[in-house]
Amino acid sequence: IMDTLGIFPILITKQENFLSEKNCVRLVEVSEKLEYYKKTTEVKSYRSNERNVLGKYFPELKKTIESTFTEFAYNTLTVRKTCDFKIMGSWSTLTPPGGMSNKHSHCNSFWSGCLYFANYTNPILFHKPILSQIVLDQREDEVEIDNSNEIIFEPAKGSLLLFPSHLVHQVSLNKTNTNRHSIAFNILPNGIFGMHDSISNISVSEYDYLKEE
């Protein structure tokens, strides 16, 4: 019998019922009134002009997410407690009926996350970062999380999703007749981090919006 080891895993973490019903209602209200940047190469998915949605409209929720991720970093990622973690930018996404996003990752960021505050039927799709040079046809009924090239996450209302920023992902096709919204954000370490000749000490501040031409 062969022993199979899963080495260097990519962690994704989620927490259901993270948002209260009051927060969900308020997040819907804010997302629907924001203006969205429409100059995009996306198939049909837009981001808000406002890039500090959590800091501007939900400062207490922002602090809760930061403390939640900081504890996750200490306890699961075993990060030394010389830094904590701050959200440096947050924006609302809009995927209208018939829309979807391109495959993408988030640069200049450590981890990223999403808040889901309504019931959606179109999930977020994660793609395997490094594909084998030899691609084989797999038996569909036996594809599992440890041998798949794509992982589907179906967001539940009120949930928080966190994932490494380099992980390629996309919003799948919106097959409903209603807009799909979420709040996305990026996280950076705040304080002293690193080792040997790669130690950094940075102070993260909220993103100062710059108008795009």
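Quick check: at a probe of 1.4 Å, how many percent of the accessible area of the chain sits on carbon and sulfur atoms?
52 percent
Just to be sure I understand the model, the point goes 7 Å from the Cα along the line to the Cβ. What's the resulting LEU173 to LEU5 distance in nm?
Between LEU173 and LEU5, the simple spin-label model gives 4.2 nm.
If I model a spin label at GLU154 and ARG26 as a point 7 Å from the Cα along the Cα→Cβ vector, what separation in nanometres do I get?
Placing both labels 7 Å beyond Cα along the Cβ direction yields 3.0 nm.
If only Cα atoms are counted, what is the Rg of region 1-111, and what is its Dmax, in Å?
Cα only, region 1-111: 17.5, 59 Å (Rg, Dmax).
Taking Cα centroids, how far is region 154-176 from region 13-65 in Å?
Taking the Cα centre of region 13-65 as reference, the centre of region 154-176 is 13 Å away.
Grab the DSSP H runs of the chain that are 4 residues or longer, score each as -39,500 (n - 2.57), total them, divide by all residues and round the 222 nm result to the nearest 500 deg cm²/dmol.
Using -39500 (n - 2.57) per qualifying helix, the result is -5000 deg cm²/dmol.
Give me the distance in nm between label points sitting 7 Å out from Cα along the Cα-to-Cβ direction at ASN201 and ILE134, one decimal.
Distance between label points: 5.2 nm.
So if I place +1 on the C-beta of Lys and Arg and -1 on the C-beta of Asp and Glu, and nothing else carries charge, what would the dipole magnitude of the chain be about its Cα centre? I want it in debye, nearest 20.
720 debye
Along the charge dipole of region 112-213, Cβ charges K/R +1 and D/E -1, which of SER205, VAL168, SER112 sits furthest on the positive end?
Value: SER205.
So for the chain, what percent of the C-alpha to C-alpha distances run longer than 30 Å?
Of the Cα pairs, 27 percent sit more than 30 Å apart.
Heavy-atom accessible area of LEU188 with all protein chains present, probe 1.4 Å, nearest 10 Å²?
Surface accessible to solvent at LEU188 totals approximately 40 Å².
Return the long-range amide H neighbours of ARG180 (sequence gap of 5 or more, or a different chain), with a cut-off of under 5 Å between placed amide H atoms.
Amide H to amide H, under 5 Å and 5 or more residues apart or across chains, ARG180 pairs with THR95.
Name the residue from GLY194, GLY98, LEU34 whose Cα lies farthest towards the positive end of the charge dipole of the chain, charges +1 on Cβ of Lys and Arg and -1 on Cβ of Asp and Glu.
Looking along the dipole axis, the top candidate is LEU34.
Let me spell out the model: positive unit charges on the Cβ of Lys and Arg, negative unit charges on the Cβ of Asp and Glu, origin at the Cα centre of region 100-213. What dipole size does that give, in debye rounded to 20?
In total the dipole reaches around 340 debye.
If ligands, DNA and RNA are left out, what is the accessible area of LYS128 with a 1.4 Å probe, given in Å² to the nearest 10?
Using a 1.4 Å probe on the heavy atoms, I get roughly 90 Å².
For region 118-213, just list the percent of Cα-Cα distances falling in each 10 Å bin from zero outward, please.
Pairs per bin, as whole percents: 10, 29, 30, 23, 8, 0.
Roughly how much of ILE145 is accessible, in Å² to the nearest 10, using a 1.4 Å probe?
Taking all protein chains as shown, ILE145 has close to 140 Å².
The values are calculated or read from the model by the stated rules, or taken from the named source; none is laboratory data. Note that the coordinates shown come from a computational prediction; the quantities given were computed from them, not determined experimentally. A quick note on method: Cβ atoms are made from the backbone with ideal geometry, for glycine too, and the neighbour counts reach across all protein chains shown. These accessible areas exclude ligands, DNA and RNA; they are computed on the full protein's heavy atoms, side chains included. Shrake-Rupley method; radii C 1.70, N 1.55, O 1.52, S 1.80 Å.
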